[in-house]
Amino acid sequence: MLGMSVMLLPAAQDVARSHPETVQVLYADDRTIAAPTVLELKQVIGMWHDWGQRLGLVENRQKAQYYHATTEGRRSLLKGDVPADQISS
């Protein structure tokens, strides 16, 4: 657990510096991300993907779940090309 945390710390710090409005919660290799816009969410996910490749990690993108409290927010996720079956209400 410590090794995974140490390995992911530079990635988490890079994302935090680049996107200070986004909140991240990390537990081992699981992440929860709260971003103010769909565009920023996609940028943060892209950064994590790039970091994962650099670190040699393989992610199962099919497991990702996206949530927004409002119907309008969920529509904005759909418009942002988030797969409908991965959006939770």
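The values are calculated or read from the model by the stated rules, or taken from the named source; none is laboratory data. All of these numbers come straight from a predicted model, not from anything done at the bench. Positions of Cβ are backbone-derived with ideal geometry, glycine not excepted, and every protein chain shown enters the neighbour counts. Note: areas computed on protein heavy atoms with side chains; ligands, DNA, RNA excluded. Shrake-Rupley method; radii C 1.70, N 1.55, O 1.52, S 1.80 Å.
Return only the number of the condition from (1) within 20 Å of residue 89 (Cβ to Cβ); (2) touching a Lys or Arg at 6+ places or on another chain (Cβ under 9 Å); (3) open to solvent by 50 Å² or more (accessible area, probe 1.4 Å) that residue 49 does not satisfy.
Failing condition for residue 49: (1).
Restricted to the range 14-38, and to residues that are out of contact with any strand residue (DSSP E or B) (no Cβ under 6 Å at 6 or more places or on another chain) and surrounded by fewer than 11 Cβ atoms within 10 Å (Cβ to Cβ), which residue is nearest to residue 72 (Cα to Cα)?
Top of the filtered list is 21.
In the range 52-79, how many are closer than 19 Å to residue 16 by Cβ and open to solvent by 70 Å² or more (accessible area, probe 1.4 Å)? Before the answer, list the steps.
Of the residues in the range 52-79, the ones closer than 19 Å to residue 16 by Cβ are 52, 54-55, 57.
Filter once more, keeping what is open to solvent by 70 Å² or more (accessible area, probe 1.4 Å): 54.
Of the residues in that region, 1 qualify.
Quick test for you: out of 12, 28, 35, pick the one residue that is among the small types (Gly, Ala, Ser) and touching an Asp or Glu at 6+ places or on another chain (Cβ under 8 Å). Before the answer, list the steps.
Numbers: 12 fails: touching an Asp or Glu at 6+ places or on another chain (Cβ under 8 Å); 28 fails: touching an Asp or Glu at 6+ places or on another chain (Cβ under 8 Å).
Of 12, 28, 35, the one residue that is among the small types (Gly, Ala, Ser) and touching an Asp or Glu at 6+ places or on another chain (Cβ under 8 Å) is 35.
So if I check each of 89, 76, which one is farther than 30 Å from residue 6 by Cα, in contact with a Lys or Arg (Cβ under 8 Å, 6 or more places away or on another chain) and polar (S, T, N, Q)?
Sole residue among the options that is farther than 30 Å from residue 6 by Cα, in contact with a Lys or Arg (Cβ under 8 Å, 6 or more places away or on another chain) and polar (S, T, N, Q): 89.
Would you mind telling me which numbered condition in (1) part of a helix (DSSP H, G or I); (2) surrounded by 15 or more Cβ atoms within 10 Å (Cβ to Cβ); (3) in contact (Cβ under 8 Å) with a residue 40 or more places away in the chain residue 7 fails?
Going through the list (1) part of a helix (DSSP H, G or I); (2) surrounded by 15 or more Cβ atoms within 10 Å (Cβ to Cβ); (3) in contact (Cβ under 8 Å) with a residue 40 or more places away in the chain, residue 7 breaks only (2).
Do you know which residues across the range 80-89 are surrounded by 12 or more Cβ atoms within 10 Å (Cβ to Cβ) and not in a helix (DSSP H, G or I)?
Initially, the range 80-89 is screened for residues surrounded by 12 or more Cβ atoms within 10 Å (Cβ to Cβ), giving 80, 82-83, 86-87.
Result: 80, 82, 83, 87.
Enumerate the pairs (first residue in the range 64-80 and under 14 Å from residue 42 (Cα atoms); second residue anywhere and assigned to a loop (DSSP other than H, G, I, E, B)) with beta-carbon separation below 8 Å, excluding pairs fewer than 6 apart on the same chain, so at least 6 apart or on different chains.
Qualifying pairs under 8 Å: 66/82; 67/89; 76/68; 77/68.
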